[in-house]
Amino acid sequence: MQTVMVTGGAGFIGSALIRHLITHDTCRIINVDCLTYAGHTATLQDIDQDPRYQLEQVDIRDRPALDRLFSTWQPDIVVHLAAESHVDRSIDGPAVFIDTNIVGVFNLLEAARHWYEGLEGESRERFRFHHVSTDEVFGDLSPDAAPFSETSSYAPSSPYAASKASADHLVRAWQRTYGLPTLITNCSNNYGPWHFPEKLIPLVILNAIQGRAIPVYGEGHQIRDWLFVEDHARALHRVMHEGVIGSSYNIGGHEERRNIDVVTTICDVLERLEVPHPEGVTRFHDLITHVADRPGHDRRYAIDASHIERELGWRPQESFESGIEKTVRWFLNHGDWCQGVENADTRQRQGLGATA
Ligand SMILES: NC(=O)c1ccc[n+]([C@@H]2O[C@H](COP(=O)([O-])OP(=O)(O)OC[C@H]3O[C@@H](n4cnc5c(N)ncnc54)[C@H](O)[C@@H]3O)[C@@H](O)[C@H]2O)c1
């Protein structure tokens, strides 16, 4: 049985990957997650009793703890997702983004290198370090420019994107200099179940059903490519087993949308599903409120995913229309989870410690 160490597995994408691996792989899964405001054990409640799953509550900034994990669990594959991931938070307080997304990645690379250098034979052949990154490293794309490919220049705009870009460079250097067998994936915006409520799509759904204003930055003309999170999990699974060492793969949904169109689509779905209007609201669309734009806001991201499609035969299965309806239905049915993670976030901000 192979052992896959997933970092950040209590977060949005990491938990989707773990659920996918439990059903579609035979591996043992070690989830390395220090449970920040964005990580919740409740997110994995459907699989956490599986004997193939184990949580290790460890911070990737803690090098001795990482060394202990490598020698205890002897992973064949590391899939690294742990990160500070919210652009707005990186603008308000960039320090933790540098610590986790750069220094943490350095620690993990060093722990992995130390472990890899001691391997021999088949276990050395099998070992992979798969780093999960974002399309935001490529920066701002003009409306008529070709989508990002794997050879696009790095030009990150936000502290978040710059920290992820730095991490990508470290991973490449560890492959080139030390021969660590690495893989990098750069993915577009994910959406789907278990998405932390501070991000655009869950925020819009939850604000709408609670009758709160739906904030849209500027005119909402920024364009993003949207990928259903379970399609991303399938892509990561494919790359970690079949990706060519030293390669990077762009992953996208072929679903470019303006933010304002995403927001109105969600309102349309809520109307179509006949979700009761909150008191004083006649149409969900009336809650849309334009607010001052985010500083340095990129206008457009778009992904050319032809490399992974050609080389590994992966394609997204979900359209934006089908995925967004599934997502809205999921949030309508999981109010307890949303309330739990929001309460835990408030408690952490007040220094009271997380409860979810
Ligand atoms: N969400 C997206 O749309 C998207 C798109 C492309 C790439 N990514 C990348 O995918 C990865 C996962 O994103 P997500 O949206 O699931 O993030 P998330 O914020 O939902 O989850 C991050 C997880 O990492 C954990 N974590 C944070 N700091 C840690 C540390 N120092 N040590 C151990 N664990 C720590 C958190 O507890 C949480 O469980 C990130 O690397 C992100 O940059 C995300």
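The values are calculated or read from the model by the stated rules, or taken from the named source; none is laboratory data. Note that the coordinates shown come from a computational prediction; the quantities given were computed from them, not determined experimentally. Neighbour counts are summed over all protein chains in view; Cβ atoms, including those assigned to glycine, are modelled from backbone coordinates with ideal geometry. What goes into the accessible areas is simple: the full protein's heavy atoms, side chains included, and nothing from ligands, DNA or RNA. Shrake-Rupley method; radii C 1.70, N 1.55, O 1.52, S 1.80 Å.
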Under the rule of -39500 (n - 2.57) per DSSP H run of 4 or more residues, summed and divided by the residues of the chain, what mean residue ellipticity at 222 nm is obtained, to the nearest 500 deg cm²/dmol? -12500 deg cm²/dmol
Among L119, L270, L66, the residue with the largest mean-square fluctuation in a Gaussian network model of the chain built from Cα contacts under 10 Å is L119
Relative contact order of the chain, pairs being alpha-carbon contacts under 8 Å that are 6 or more residues apart, as %: 18
For region 211-299, state which GluC sites (Glu not before Pro) are in a DSSP loop and have at most 13 other beta carbons lying within 10 Å of their beta carbon. E219, E274, E279
Give the Kirkwood hydrodynamic radius (Å, one decimal) of region 122-209, defined as one over the mean of 1/r across all pairs of different Cα atoms. 15.4
In debye, nearest 20, what is the charge dipole magnitude of region 82-226 about its Cα centre with +1 on Lys and Arg Cβ and -1 on Asp and Glu Cβ, if you could check? 220
I'd like the orientation of helix 259-272 relative to the chain: the angle between its Cα long axis and the longest Cα principal axis, in ° from 0 to 90, rounded to 10. 70
Sorted by accessible area (1.4 Å probe), largest first, how do C34, C27 line up? C34, C27
Simple Cβ-charge dipole of the chain, Lys/Arg +1 and Asp/Glu -1, about Cα centre, in debye nearest 20: 440
Please report, in cubic angstrom per residue, the volume enclosed by the convex hull of the alpha-carbon atoms of region 158-270. 120
Relative to the first principal axis of the alpha-carbon coordinates of the chain, what is the inclination of helix 159-178, with its axis defined by its Cα atoms, in degrees from 0 to 90 and to the nearest 10? 20
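Counting Lys and Arg as +1 and Asp and Glu as -1, each charge on the Cβ, what is the dipole of region 221-356 about the Cα centre in debye, to the nearest 20? If you can, show how the numbers build up before the last one.
Working: 16 positive and 23 negative charges, 66 e Å.
My answer is approximately 320 debye.
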Gain on full stretching of the segment that runs from D144 to D293 - 0.36 nm per residue minus C-alpha separation: 51.5 nm
Quick one: Debye curve from the C-alpha atoms of the chain, no solvent, what's log10 I(q)/I(0) at q = 0.10, 0.11, 0.13 Å⁻¹? -0.59, -0.73, -1.03
Using Stokes-Einstein with the Kirkwood hydrodynamic radius over Cα pairs, what translational diffusion coefficient do you get for region 1-153 at 37 °C and a viscosity of 0.692 mPa s, in µm²/s rounded to a whole number? 198
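Scan region 103-137 for GluC sites (Glu not before Pro) in coil per DSSP, keeping those whose Cβ has at most 15 other Cβ atoms within 10 Å, and list them by number.
The qualifying sites are E120.
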Distance cut-off 15 Å, percentage of C-alpha pairs in region 35-103 lying past it: 65
